[in-house]
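Please treat every number below as a calculation from the coordinates, not as lab data. Please read these numbers as outputs of a predicted model, since none were measured by experiment. Neighbour counts run over all protein chains shown; Cβ positions are idealised from the backbone, glycine included.
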Amino acid sequence: MPKSLQIGPRLKSTRKARRLSLRELGAATGFSASFLSQVERGEASPSLSSLDKIVRALGLTLGALLTDPDSAPPGPLVRRQEPDTLHSEWSKASLRSLMPAGTQGPLAALLVTLEPGGRTGKHFLAEQGHIFGFCVRGQPTLLLDERSHELNQQDSVYYDATKQAVWENHSRGPAEVLLVQVRGA
């Protein structure tokens, strides 16, 4: 079972390494310095889209935040028991990077698990490029530019990452979606 990731210390150390104050990060993200401080201390659980916005303002990706090059074995293989899982109470969702630690480049692969009633938020992974989504289990709904697309197990979808995309789970069981992002494509 993957362990739950505490992202606050990673966010704080990255912010300090970039010599940004909480107010400067707040100005870049639109969030208050007090909210960002609560996130860094583990007292607030941001939505996945809010976390993505914070991470991008720090010059990172969610995948980079979720993998620790110092604790993962080097190499191209990611074993099932290795990845950390980030859980967002607000989103009722978990996020796991499927890329080897320290991977740089235009490709990111994430596994999003949505609990019943879970949702990613409006601007999740919103940047240049494209997203390929594959429904691993459950019946998630993709709201793409306010149009609803219900997926079943093994359905897939491909869309422009700049479109407003929200993943939701209206079913009674969990839903898992593999998201592969190609940046700048």
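General observations
- Annotation: amide H of ARG18 has no partner in the under-5 Å range at sequence separation 5 or more or interchain, hydrogens built in the peptide plane.
- Packing-based ranking, highest mean first, of 31-38, 144-151 given that Cβ atoms within 10 Å are counted: 31-38, 144-151
- Neighbours of ARG41, meaning other residues whose beta-carbon lies under 13 angstrom from its beta-carbon, give a summed charge of +1 when Lys and Arg score +1 and Asp and Glu score -1.
- From phi via Karplus (6.51, -1.76, 1.60), per-residue ³J(HN,Hα) for segment 145-154 in Hz, x at Gly/Pro: 6, 6, 9, 8, 10, 8, 10, 10, 3, 6
- Amide hydrogen neighbours beyond the local backbone of GLY121, cut-off 5 Å, H modeled: TRP167
- Backbone geometry of segment 54-62 corresponds, through the Karplus equation with coefficients 6.51, -1.76 and 1.60 at θ = phi - 60°, to 3J(HN,Hα) couplings of 5, 4, 5, 5, 8, x, 10, 10, 4 Hz, x marking Gly and Pro.
- Summarising the amide proton neighbourhood of MET99: residues at separation of 5 or more, or on other chains, whose placed amide H is nearer than 5 Å comprise ALA109.
- Of the peptides 13-24, 89-100, the order by per-residue mean of other Cβ atoms within 10 Å, starting with the highest, comes out as 89-100, 13-24.
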